Amino acid sequence: MKKEFIVNPWEVKGEVDYNKLVREFGVEIISNDLLGRIEKITGKNHMLSRKIFFAHRDLSWALNEYEKGNKFFLYTGRGPSGKMHLGHLMPLIFTKWLQDSFDVDLWLQFTDDEKFLFRNKSYEEIQNQMKEDFLDVIALGFNHKKTHFLIDTKNASLIYPEAIKVAKKLTYSMVKSSFGLDESANVGQIFYTSMQAVPAFLPSVIKGKEIPCLIPHAVDQDPHFRLTRDILPKLGHYKPASIQCTFLPPLTGTAGKMSSSEGQAIYTTDSPKEVEHKIKKYAFSGGRDTLEEHRKYGGNPDIDVSYQYLKYLFEPDDAKLQKIHRQYKSGEMTSGELKQITIDKINTFLKEHQKKRDKAKKEVENFLYAG
Ligand code: TYM
């Protein structure tokens, strides 16, 4: 029996039982048939074939519409609070792949209001963090002609009139039961889901015709979109479809998620030395206590955080990953060797990312939605 766990947009704790979560949230597992259908259009992606993106809502419908020539747009987002880490990059990297594969527009919401309302941070701190976040997103290579940044407080004249339409249909009791907010919640928190709902239909409002929407995100954001899907038909809009991933684990082990608030993360701005230090010192190992035991009994890749980082992000080649799995499990590869592979891979990625991040400073204007 797995222990209790918590998953909601503000907190992820414990060893997540994803099968149980799927039942609780009412999302669907991506079946092998559906996977095959996507791969037929896009080719293979390790995050799909390894079931890292594992669940969805109405994905078949979005594909049906796409095949009929009614292309969906993508919508995802980022709440600027702490520094961005590898966990945040994961759905964004996947979103970039979706954008390229389907050749569709992407709307990216920066919820500076959300983080102000939910975190103990000043408005100014959040604005500064958001500027840093722009650089991380742009560095991933999104096409600026097809990518539009929406900032809740800056694009308020566009978002707010639509948000109040959502808010009028959303009762306090719906919000309370979805998020477990209580009487001590501030009124902004109660209103907030109305803001996160808007980009799911804003492009339809702008274009004056209904356009399907597909939202890639980690499963913690699903409660917002469950409510969004309840409300949007009442406003004459399509329900948004979604594709949802599991969590990149924190350094400390496979429980919870990599999160900036807990100091268990590898940040996009970490230096090679910092990455080396964090992996060597903190990355939970599935290796045995002594080398002798390790050689004899082998390691456990399923609970080994370094191995998980390779699986999630840094070793997309299945044959190479399987080889590492085999060698580690048999004891032929030590924990130190596995850690070194992971350190090298992360540092190679971050070196490029940080270069692109620097260049991105000149490109921000091209991404901000000015309509
Ligand atoms: P935020 O900034 O907390 O997270 C941004 C995205 O990263 C996902 N995420 C993770 N994915 C995998 N492993 C992890 N360890 C991990 N930690 C975070 C989140 O699920 C999210 O997809 N309220 C949102 C901002 C938002 C949004 C959206 C997100 C607004 N509209 C539409 C997704 C889709 C937030 O605070 O995300």
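The values are calculated or read from the model by the stated rules, or taken from the named source; none is laboratory data. As the structure is a prediction and not an experimental result, all values here were calculated from the model. Here the Cβ positions follow ideal geometry from the backbone for every residue, glycine too, while neighbour counts run over all protein chains shown. Remember, those area values only see protein heavy atoms, side chains included, never the ligands or the DNA or RNA. Shrake-Rupley method; radii C 1.70, N 1.55, O 1.52, S 1.80 Å.
Here's the yes/no breakdown for (1) within 11 Å of the ligand (Cβ to nearest atom); (2) at positive phi; (3) under 22 Å from the mean Cα position of the chain (by Cα); (4) without any contact (Cβ under 8 Å) to a residue 40 or more places away in the chain:
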residue	(1), (2), (3), (4)
G77	yes, no, yes, no
M84	yes, no, yes, no
F94	yes, no, yes, no
L108	yes, no, yes, no
K115	yes, no, yes, yes
E125	no, no, no, yes
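The residues listed here are E210, E162, E183; of these, the one that is farther than 30 Å from F349 by Cα, among the acidic types (D, E) and buried (at least 17 other Cβ atoms within 10 Å of the Cβ) is E162. Inside region 13-49, residues that are over 19 Å from the mean Cα position of the chain (by Cα) and of a type in the set (V, I, T) make up a count of 3.
Could you tell me whether region 70-84 includes any residue that is touching a Leu at 6+ places or on another chain (Cβ under 9 Å), closer than 24 Å to T111 by Cβ, open to solvent by less than 30 Å² (accessible area, probe 1.4 Å) and of a type in the set (G, A, S)? No, because not a single residue in region 70-84 is touching a Leu at 6+ places or on another chain (Cβ under 9 Å), closer than 24 Å to T111 by Cβ, open to solvent by less than 30 Å² (accessible area, probe 1.4 Å) and of a type in the set (G, A, S).
Do the conditions hold for Y123, that is, is it more than 30 Å from E352 (Cα to Cα) and either touching a Ser or Thr at 6+ places or on another chain (Cβ under 9 Å) or open to solvent by less than 10 Å² (accessible area, probe 1.4 Å) (or both)? It is true that Y123 is more than 30 Å from E352 (Cα to Cα) and either touching a Ser or Thr at 6+ places or on another chain (Cβ under 9 Å) or open to solvent by less than 10 Å² (accessible area, probe 1.4 Å) (or both). When the residues of region 56-75 are filtered to those that are in contact with a strand residue (DSSP E or B) (Cβ under 8 Å, 6 or more places away or on another chain) and of a type outside the set (A, V, I, L, M, F, W, C), the one that is farthest from the ligand (Cβ to nearest atom) is D58. Of the helices (runs of 4 or more DSSP H) that lie entirely inside region 245-339, not one contains 3 or more residues that are out of contact with any Phe, Trp or Tyr (no Cβ under 8 Å at 6 or more places or on another chain), within 15 Å of the ligand (Cβ to nearest atom) and of a type in the set (F, W, Y).
Of the numbered criteria (1) surrounded by 13 or more Cβ atoms within 10 Å (Cβ to Cβ); (2) farther than 30 Å from E210 by Cβ, the one N32 fails is (1).
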